[in-house]
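The structure appears below as structure tokens.
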Amino acid sequence: MKLREELEGCKRIVVKVGSNVVTKKNGRCDIRKMRIIVEDICELIDSGFEVVLVSSGAVSVGKAFLKKMMPKKGKKVDLQQSASSIGQPKLINRYSQLFEDHQSICSQILLTHDDFRNRKRFLLAKQTIEVLLENKVTPILNENDSISFSEITVGDNDHLAASAAQMVDADVLLIVTSAEGLFDKDPLEKGAKLIKAVSFGDELTNIDMTSKTDVGRGGMESKIQAVNKVTPLGIKAIISSKDNDRIVIDPLTKGMGTIFDPEENFKPEQKKAWIISTKKFNCGVEVDKGAYDALMSGNSLFPRGISSCFGDFYQGDCVDILHEGKPFAIGITEYDHLDIDRIKDKHSDEIEEVLGYKNSIAVILTDNLVLLEDGRNE
Ligand code: GLU
């Protein structure tokens, strides 16, 4: 099998399929689509490629069995988590049968975002996947929803897929969704055009991706965020439609969907790649000019340089660092957001007095920092 020109030399592929791809409106598995996906993956493996599948659908499949208990308001989170615990074995059972129809084997790995943040667990999961790929087994990843701490939101698996792509050093991340790809405006509007290719660094800010219509941009924002997590790491990305005949193979071999070029020749060391790919979205700190200059010249971020922080984040999370509203770095925070609020504009010597403990003299240490602008901290 020959991949499309832009993917020449690519071997390791992470494929992400959403709930709307593998389940029907009534919540049942869409066996026809699942069969195509599995068939395509098996053909890719036979041609020497390595594939990791990230599949949603557990909540959707399991929900039907909880209907009687579903309250009108509130407690939605718990029900989603319970629904997922019913749906996940059903989903994986289907996959397992379909792979066996092709004399192939799949495996299940359920991860939480914390597993990516915890370096030890991250390395263990990576090792497991490497062994499976070596043995031509297809790992099927999903979020471990029933024990996930935070609310399950649509789009979580886009981020999980991006983190997985980085974890396994993938060459390509393929996100299969209900849209044909990225459009220059609402695809329901007249004259909307599919963007066939996006170069690294192309501004997409003028495209409104916030509306979540079923046709087209449903959740496109989180897909673009996922793409933006992997392209800086040299990983190519494609967003393509579930309605292609060969759902996985067509976008990889023909010019379908939107292809995103990665940054060329950027090979960050593993830890920094990990920081970028595990970044928590919409969380970060705004710093003043003094701190900006200090960080750009290789120093740590001290509390007194922080003017504000936003989002719910905790010690060990990877968060954005902004100056004048523009993100210029990502780093692992030593403190929770509420505590940063209490120590911002304080001297490091005062941390213990204010908080009653001290994790570090800095909020983000230079070793745990990646600069995104020129003069990148490599
Ligand atoms: N993990 C969820 C599921 O399997 C889906 C999350 C998402 O849609 O991104 O249903």
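The values are calculated or read from the model by the stated rules, or taken from the named source; none is laboratory data. On a predicted model such as this, the values are computed, not experimentally measured, just so you know. Note that we place each Cβ from the backbone using ideal geometry, even for glycine, and neighbour counts take in every protein chain shown. Surface areas here come from the heavy atoms of the whole protein model, side chains and all, with no ligands, DNA or RNA. Shrake-Rupley method; radii C 1.70, N 1.55, O 1.52, S 1.80 Å.
Structure above, values below:
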item: Candidate set: region 90-119, residues that are open to solvent by 20 Å² or more (accessible area, probe 1.4 Å), within 12 Å of the ligand (Cβ to nearest atom) and not β-branched (Val, Ile, Thr); chosen: the one farthest from the chain's Cα centre (by Cα); result: LYS90
item: Inter-residue pairs, beta-carbon under 9 Å, first farther than 19 Å from ILE175 by Cβ and in region 135-154, second modelled with pLDDT under 60 and open to solvent by 50 Å² or more (accessible area, probe 1.4 Å), 6+ apart; result: GLU151/LYS76
item: Members of region 328-367 that are among the acidic types (Asp, Glu) and surrounded by fewer than 19 Cβ atoms within 10 Å (Cβ to Cβ); result: ASP336, ASP341, ASP345, ASP349, GLU350, GLU352, GLU353, ASP367
item: Criterion violated by SER222 - all others in (1) away from the ligand (no atom under 16 Å from the Cβ); (2) among the hydroxyl-bearing types (Ser, Thr, Tyr); (3) at pLDDT 85 or above satisfied; result: (1)
item: Pairs, first on the phi > 0 side of the Ramachandran plot in region 318-342, second in a helix (DSSP H, G or I) and open to solvent by 30 Å² or more (accessible area, probe 1.4 Å), C-beta under 9 Å, six or more apart; result: GLU324/LYS289; GLU324/TYR292
item: Scope region 1-32; condition in contact with a helix residue (DSSP H, G or I) (Cβ under 8 Å, 6 or more places away or on another chain), away from the ligand (no atom under 14 Å from the Cβ) and of a type in the set (Lys, Arg); matching residues; result: LYS2, ARG4, ARG12
item: Flag if VAL22 is under 23 Å from the mean Cα position of the chain (by Cα) and at pLDDT 95 or above; result: yes
item: Selection count where residues are within 12 Å of GLY48 (Cβ to Cβ) and crowded, with 19+ Cβ neighbours inside 10 Å, scope region 1-17; result: 2
item: Strands (runs of 3 or more DSSP E) wholly inside region 283-378 that include at least 1 residues being farther than 21 Å from LEU233 by Cα; result: 306-310, 318-323
item: Filter result for VAL61 (assigned to a helix (DSSP H, G or I) and either closer than 16 Å to ASN93 by Cβ or within 10 Å of the ligand (Cβ to nearest atom) (or both)); result: yes
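Listed here are the residues, each with its yes/no results for (1) surrounded by 18 or more Cβ atoms within 10 Å (Cβ to Cβ); (2) out of contact with any His (no Cβ under 7 Å at 6 or more places or on another chain).
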{"position": "SER241", "(1), (2)": "yes, yes"}
{"position": "LYS271", "(1), (2)": "no, yes"}
{"position": "ILE276", "(1), (2)": "yes, yes"}
{"position": "LEU295", "(1), (2)": "yes, yes"}
{"position": "ASP312", "(1), (2)": "no, no"}
